[in-house]
Amino acid sequence: MALVSALKHMSWLYYQYLLVTALYMLEPWERTVFNSMLVSIVGMALYTGYVFMPQHIMAILHYFELVQ
């Protein structure tokens, strides 16, 4: 029962995503291209943040002399 409820909720969230981004007007292949580009851009941003943010944080902490 919980699985059915979770699937309904995910379906509702996906429908809201389609409405907010106006993707419901696109054809399925266009939606797939848009979603794959969106996922790849978000993935690259997360990876870049994971790789470079520690260096920037340490530089900031060194600048304010919070660490040696």
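The values are calculated or read from the model by the stated rules, or taken from the named source; none is laboratory data. These numbers were taken from a predicted model, which means no experiment stands behind them. No Cβ is skipped: glycine too gets one built from the backbone with ideal geometry, and neighbour counts run over all protein chains shown. Just the protein is used for accessible areas: all its heavy atoms, side chains included, with ligands, DNA and RNA removed. Shrake-Rupley method; radii C 1.70, N 1.55, O 1.52, S 1.80 Å.
Worth pointing out:
- Among the residues of the stretch 1-47, just one is of a type in the set (Asp, Glu) and in contact with a helix residue (DSSP H, G or I) (Cβ under 9 Å, 6 or more places away or on another chain), namely Glu30.
- The number of residues in the stretch 22-54 that are of a type in the set (D, E, K, R) and either open to solvent by 70 Å² or more (accessible area, probe 1.4 Å) or touching a Gly at 6+ places or on another chain (Cβ under 9 Å) (or both) comes to 1.
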